Amino acid sequence: MKLFTGRFSPFWIAFASSIIFCVALPPLHWKYAIFLTPFLWTILASRQRADSSGASSERRGFLRPLGRAFLGEYPQIWFASFLFWLVTVVWVSYPHPLTAVGWVFLAAYLAFYLPLYIGLCRAMNSLLRAPLWLVSPICWTAIEWARNRVLGGFSFAGLSHTIYDVPHLVQLAEPLGEYGVGAAIVLIGSLFGEGVLRGVSKAPKKRAGSSTRCFSLAALVSLAVFLYGDSRIRYFDGLESEARSHGRPTLKIALLQDATQYRFPPPTGLNKEVSDKYKALAFEASREGGGYDLIVWPEGSYYGYFFDTDKDYNDLIDTFDARSIGTNDLTPAEFAERFPVYAALVGQERSDAQNDLLFARDKMVSQRRQLARMTAKLGATALLGVSSAVFDESGVPTTYNAAVIVPYLGDETTVEGLDDAEFAQAPTSTLTDESGAVFRRYDKIHLVLFGEYIPFLEYLPDSWEIKAVCADNVLGRGRGPTAFRVSPRETDVQFVLAPNVCFESSIPHLLKKQIREYKEAGADPDILVNISHDGWFGCGKETDMHLATHVYRAVENRRSVVTATHGGFSAWIDPAGRIRAKGTRGAAEVVGADVVSLKAKRQGLYGTVDLGETWSLCSACLAYAVWLAALSRNAISRCKRRKASASDKQCV
């Protein structure tokens, strides 16, 4: 019993919950042990808070503040959580020695959420007089809501990710999002915890039947979650069976995967070597079973840049006189009259900008013809993970982490017969296009902190070597979603693809927002396509965590998800969250998917309101408002006690 009543019991209880959480996550993946984690958290939250200094109240001076800072209850909980996160996100330290610093700081930041959760539970339990089992799911949702947004959001290693491969338990993500699955785990675990606490309570009123009611309610909630999941799986099985029996066209997709590991900076020639591997895999896929309709490369696996412009400058470029525009004797007024659009250019010297834009178009035309030759040989449309170099009107390029769709325009003879004007289309990053025979580009929006952008980089001294290293890795932020359209061979049916890159798949509200934009533009997606590069993380637990996020995006949006991942799992997940095909860990291979469009119709309130985002936002507002109210009440009470103590001393 000293574990629960001693001075350091908060640490040991939190530490035990951290160990259980660790073993429930991959690679051990004892998934059902996760229900014991909120069980222990409930015991922790129910404890009457002891002297927070962790030392005798008789001590005075600086010892008591030090005890409160380092040995108090919440610091103990934080430290136990910090140890958990150090183990869980150790993969952050793999890419470069300097990222080890980021690993420690990330673990320290994430460790604050457990003591915050305990504080929220206690505040709501005390202020609202509500039982812990009722408030704990709300508090946990508030924690997850914040974790998905603060500092860009970090969504890995949630409670729900431990059971991502149990389809019957993840269906709750459809109405309530990933938050709902985590809340259900907390609710069930908290009910068992509350039942145990009431069973061992010395108060007769708490023991009489209340323990049994908690256990019964936990069993009912578990059964309800399972039955709901079973009904939704049966529903989508029926949809798919009907679609396939009626001969609805399917899209055959080849998802490429390799496991070459990376360290920063990559050795010279490694990117080209890996790119050649993927080209070989793509041609291998084209020879399998009659070929595929779409072949997907992982993020950044196609060597070089995709050249593009951010607006259609073709009319402007057609007015260029490359021999005289930079050396002519025209007055500014005459120049503006002769070249009205080009005269508005700013930034570079006009002659330099002209040459850059001419270079961009020449490069675009030759590059796109070359890519069209590749798809002609493959006999399929290609979706490339590639960096894009996008020129603005001043001729200055910005680099993006991009996904580019290269259409299948016909066989090699057809491609050679096309005029250059067919390949001068620009820009390619608009939200939607009705044609599936055009090049399209999606630029990544949600950039990875330190990996793709560096805060305050411009303020660092130029003499710092790290500035030069980091500046080469800084990317532009994409403007918005871009829909891709692909047709199965020999059909006119179009599948609308919604691309996302890397960790964007881990941010639930980002993908939901993009899907709303697609629908408003009349391009309701059939398939969510993720391309990722996990080759920095050692083919370890990060790859399983990333795969879990794809499962929840499939269930939340009721769309098939396909992912081509370097150094991780390339996979196909159906709208019910089942992993239909998955690559082998650490292998180079082609993962096939045969996807039929299954978009369930949502009726009434469920069809117009995002219940998951609404639930999480309301939970966050309620929990944090009550927490602030409790803090204010405690502060006022302390002030009153100090005044009363001072008044007593004056009277004496």
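Extent of the stretch 133-197 along its three principal axes (Cα atoms, max minus min coordinate, largest first): 38, 26, 20 Å. Sorted largest first, the spans of the alpha carbon positions of the stretch 161-251 along the three principal axes are 66, 21, 18 Å.
The calculated pair-distance distribution of the stretch 94-249 uses every alpha carbon pair, bins of 10 angstrom beginning at 0, and gives 10, 28, 29, 19, 11, 4, 0 percent.
Accessible surface calculations at 1.4 Å, restricted to protein heavy atoms, place the stretch 218-276 at 54 Å² per residue.
Take peptides 485-497, 396-408 and line them up by average Cβ neighbours within 10 Å, highest first, as a rough protection proxy.
396-408, 485-497
Phi angles across the stretch 484-499 convert, under the Karplus curve 6.51 cos²θ - 1.76 cosθ + 1.60 with θ = phi - 60°, into 3J(HN,Hα) values of 10, 10, 9, 10, x, 4, 6, 9, 9, 6, 10, 9, 9, 9, 10, x Hz, Gly and Pro given as x.
For the stretch 131-258, what % of the accessible area comes from carbon and sulfur atoms, probe 1.4 Å? Mind dumping the intermediate values first?
On the way: 3360 of 5060 Å².
Heavy-atom surface of the stretch 131-258 belonging to carbon and sulfur, 1.4 Å probe: 66 percent.
Pairs exceeding 30 Å between alpha-carbon atoms, taken from Lys277/Lys541; Lys519/Lys541; Lys444/Lys519; Lys252/Lys272; Lys277/Lys311; Lys31/Lys279: Lys519/Lys541; Lys277/Lys311; Lys31/Lys279. For the stretch 386-448, the C-alpha radius of gyration sits at 1.29 times the compact-globule guess of 2.2 N^0.38 Å, with N the residue count. Per-peptide packing, taken as the mean over residues of other Cβ atoms within 10 Å, places 179-187, 521-529 in the sequence 179-187, 521-529 from highest down.
Positive-end ranking of Pro167, Ala100, Leu191 along the dipole of the stretch 97-198, with charges on Cβ about the Cα centre, is headed by Leu191. Charging the Cβ of each Asp and Glu at -1 and of each Lys and Arg at +1, and nothing else, the dipole of the stretch 198-299 about its Cα centre rounds to 1240 debye.
Please calculate how many Å² of accessible area the stretch 353-445 carries per residue, with a 1.4 Å probe and no DNA, RNA or ligand atoms counted.
Numbers: 3340 Å² over 93 residues.
Result: 36 Å² per residue.
Rank by packing, highest mean first: peptides 301-312, 152-163, with packing defined as the count of other Cβ atoms within 10 Å averaged across residues.
On the way: 301-312: 19.7, 152-163: 22.2.
Most protected by this proxy first, the peptides run 152-163, 301-312.
What does the accessible area per residue of the stretch 93-152 come to in Å², with a 1.4 Å probe and no ligands, DNA or RNA counted?
The answer is 39 Å² per residue.
When the alpha carbon coordinates of the stretch 83-184 are projected onto the principal axes, the ranges are 49, 35, 22 Å, largest first.
The values are calculated or read from the model by the stated rules, or taken from the named source; none is laboratory data. All of these numbers come straight from a predicted model, not from anything done at the bench. Backbone-built Cβ (ideal geometry, glycine too); neighbour counts: all protein chains shown. In case anyone asks, the SASA skips ligands and DNA or RNA and just uses the protein heavy atoms, side chains included. Shrake-Rupley method; radii C 1.70, N 1.55, O 1.52, S 1.80 Å.
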